[in-house]
Amino acid sequence: MEMEAFDALSSDKICSLIGRKRRIKIREHGESAVTIKETRSFDEWQGVVEYRCHFEVKSEHDGGLIAVIRNLSFRSDESGCVDYVQFKRKDGSKSRKYCGQIHSFKQVPEDVEVSDWDMGAVLDPDGELDTTIYVAKIKLNPNERLDLEIVYTSFKEKQSSAGSKMFISRREIDSFSECSRGDSTYESCFPYADVCIWRGLFNDSYVNCPMNCFDEGGCYRAPGGTRTSDIGIRATVGAVASILLAFVLFLTCLWLLRRGKKLCWSNACSNGSHLTPPTSRVEMHPHLQNEEMRNYPTQSAPPYSEGSSSATITQDKDFPPPYESLFPGR
């Protein structure tokens, strides 16, 4: 399933051409998620002027809001971020400035404290996030590129002790209670968390939950790797495809050998006996005899006889007159 809404940074509905802050509203169910994506704004960035975009995403219903960086490729140096994206919650607290390379399917190590610092995700239980995107007035090098894609998702929650904190630890996540609003169209993001997103957002190739890619069945073990949940499926599909391909190749080889008469298909050949050498073209190719008899019918001829042939030749020959008729007086 694809995301229900998509907007590009180049659209004036997202980044105002006159510097005004745009507001994007997210609703419930099928309209509970939106993707903001860079399409052509940063293609071959010349760095003539700096780029600054500021917009607000807000959940219309009584719930929270999650921002997950799906893809990010922004420049950085020794002093920090050259380009960055930053989020601010409704209470004024800000996330760090994100830059470098980020992918939402990257797995977080088990021994690392989960926070927006290493997750590339921000959660606001008040349902409002301001987003600032900044690209410096510096031309791209030949080996550099700029890319950005953010997924915003509204969620329903039950108040908990961690509901007003910017950073969420694994221990606090484990202490969350299950979704208890009774809405069967929403499912929990974590086994014991009260962060519930619309069921239709599960397994849509977009990470909506703020941790462990729970709605997508797991994260990659390494950037650019394969999700652990996909390994078994891909192995099974590959094995079945290999068997089918081998079977098709085998049948093709048999057909080619039979067509070229490279194999013997009779019992006599299998018993080791030899066929009698052909005495005529008809015996070599009996099927041709039948074909020719059907296509070229022949007329019956009288049996050949040497005597009758000689008699016929004798009767037809014009002999000279006898000697007596030429010289009657002798």
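Just so you know, all these numbers are worked out from the coordinates, no wet-lab data involved. These numbers were taken from a predicted model, which means no experiment stands behind them. Reconstructed Cβ throughout: ideal geometry from the backbone, glycine too, with neighbour counts over all protein chains shown.
Quick check on the exposure proxy: order 201, 72 from fewest to most C-beta atoms within 10 angstrom.
Values: 201 26, 72 22.
Least crowded to most crowded, the residues run 72, 201.
For the residues 198, 45, 255, what sequence is obtained by ranking on other C-beta atoms within 10 Å, fewest first?
Fewest-to-most Cβ neighbours within 10 Å comes out as 255, 45, 198.
Rank these for me by crowding, 253, 99, going from fewest to most other beta carbons within 10 Å.
Values: 253 10, 99 20.
Ordered by Cβ neighbours within 10 Å, fewest first: 253, 99.
Distance cut-off 18 Å, Cα to Cα: go down the list 58/156; 25/90; 97/156; 58/90; 58/88; 94/137 and report the pairs above it.
97/156; 94/137
What does the charge add up to near residue 140, with Lys and Arg as +1, Asp and Glu as -1, over the other residues with Cβ less than 15 Å from its Cβ?
-3
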